[in-house]
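**Student:** Got a structure here, written out as C-alpha cells. Questions coming.
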Amino acid sequence: MSRKQIAAANWKMNLTLQQGEQLLNEIINKPHEISENQLVIFSVPAPYLQMAQQKIADKKGVFIAAQNCFNKKNGAYTGEISVEMLNSLGIQFVVLGHSERREYFNESNSFLAEKINICLENNIQPIFCCGEPLSVRESNTQNEYVAKQLKESLYHLSADQLLKVVIAYEPIWAIGTGKTATSDQAQEMHAFIRKDLANVYGNDIANSISILYGGSVKAANAVEIFSQPDVDGGLVGGASLIADEFVAIINALQ
Ligand code: PGA
C-alpha cells in the first residue's frame, strides 16, 4: 500500500447497534470527497462489523476495521475473535495494540507481534498503535519508549509485510483527555518514527508507511495536525461519534 492519508474512527465500546447504524448513515451520506490517496476507516465494535461492512460495501475508499483480534487461528478461546472470522466478513483492517488494550488487558509488545503476524498471514492490515504514558513524556524518554514498541512488535517483519501496516501514534496522555499534543509535538514524534523505520527498512519503505496521530483529534484541530509533513491523518475516538465532527475531520485530510 502506498502512503495514504487516513481518517480512522475508533468507536471503542460505545453506541448501540441502532445508534451505530444511524451514525454511519449520517456520515457516509454527507457530501465529502475521498480522493485516490485517502481512506476512511470505521473501527466498530465486533457485533456491528457485519452491519457496517454491508453499509459501506459500495463506498469507494471506505473500510471497516475490527478493534481487536486474537493471535490464534481458531480453537477453544471463548470470547475471542479470529482473523478467519474477520476474513469471512470481508474485513480488511484491525486496530492492534491500542493503549486501552495494553493497559486493561495486559497486551505486551511480543503478544502484539503474534497478532500482527497472524493478520498479515491472512491479508488483514493492522493499524498498529504505539505511544507513551505521561510519566515517560515527563522524563523526556518518549522516543526510546516508542522505538521499543516498534522494534518488539514490528521489526521482525519483511519490508513487504511492513508496507501493509498502518502506524498510529497515540500519546496516552492525550487520549480522551481533551489534551492534544501540539502539532509540533506530533510532527516531532512522527518524524522520529519515520526515521526509525528508515534505519531498519530504508527511506523508500519508511516514506510509504502511513503514520496517524491519535489523541483528542477533533474538527477544530484536525487541519493543523494533518498539515504536518509526517502526519498522515488521525485515529479518532470521541469526535468520531459525532457525525459533523467526523465529516469535518475527513475533509481535513490533505
Ligand atoms: P480520543 O481517542 O480521540 O477520544 O482521544 C483516540 C483513541 O484512543 O484512538
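**Student:** If you place +1 on the Cβ of every Lys and Arg, -1 on the Cβ of every Asp and Glu, and leave all else neutral, what size is the dipole of the range 5-251 about its Cα centre, to the nearest 20 Debye?
**Tutor:** Here the size comes out at about 360 debye.
**Student:** Among the lysines, which fall within straight-line cross-link reach of Lys72, defined as a Cα-Cα distance under 29 Å, with same-chain neighbours fewer than 8 residues apart omitted?
**Tutor:** Lys12, Lys55, Lys115, Lys148, Lys151, Lys164
**Student:** For a paramagnetic label modelled at 7 Å from the Cα of Ser108 toward its Cβ, which residues of the range 58-81 fall within the zone defined by backbone nitrogen distances under 18 Å?
**Tutor:** 70-72
**Student:** Still on this structure, I have one more. By its C-alpha gyration tensor, with a ≥ b ≥ c as the square roots of the eigenvalues, how is the range 5-251 shaped: rounded for a/c under 1.5, else prolate for a/b larger than b/c, else oblate?
**Tutor:** The shape class here is rounded.
**Student:** Okay, moving on. Answer with one residue from Cys129, Ser216, Gln54: the one whose Cα lies farthest towards the positive end of the charge dipole of the chain, charges on Cβ with Lys, Arg +1 and Asp, Glu -1.
**Tutor:** Gln54
**Student:** Between Asn25 and Ala198, what is the label-to-label distance in nm when each label sits 7 Å out along the Cα-to-Cβ direction?
**Tutor:** Label at Asn25, label at Ala198, 4.8 nm between them.
**Student:** Any idea how far apart Thr78 and Ser135 come out in nm if each label point goes 7 Å out from Cα toward Cβ?
**Tutor:** Here the answer is 3.5 nm between the modelled labels.
**Student:** Loop-only trypsin sites (Lys or Arg not before Pro) in the range 163-254, please: DSSP not H, G, I, E or B, and at most 15 other Cβ atoms within 10 Å.
**Tutor:** Qualifying residues, ordered by number: Lys179.
**Student:** With a sphere of radius 13 Å drawn around the Cβ of Asp184, what net charge do the other residues whose Cβ falls strictly inside it have (Lys, Arg +1; Asp, Glu -1)?
**Tutor:** -3
**Student:** Work out how much length Gln254 to Arg3 would gain on full extension: take 0.36 nm times their residue separation and subtract the Cα-Cα distance, in nm to one decimal.
**Tutor:** Using 0.36 nm per residue and subtracting the Cα-Cα distance, I get 89.2 nm.
**Student:** Among rounded, prolate and oblate, which fits the range 37-136 when a ≥ b ≥ c are the square roots of the eigenvalues of its C-alpha gyration tensor, a/c under 1.5 means rounded, and a/b larger than b/c means prolate?
**Tutor:** Taking the square roots of the gyration eigenvalues as a ≥ b ≥ c, the range 37-136 is oblate.
**Student:** What range in the chain is the longest one free of chymotrypsin sites (Phe, Trp or Tyr not before Pro) that are in a loop by DSSP and have at most 14 other Cβ atoms within 10 angstrom?
**Tutor:** Answer - 106-254.
Laboratory data are not the source of any read-out in this text; all were calculated from the coordinates shown. Bear in mind that the values here come from a model prediction, so they are computed numbers and not experimental data. Cβ sites come from the backbone with ideal geometry, for glycine too, and all protein chains shown count toward neighbours.
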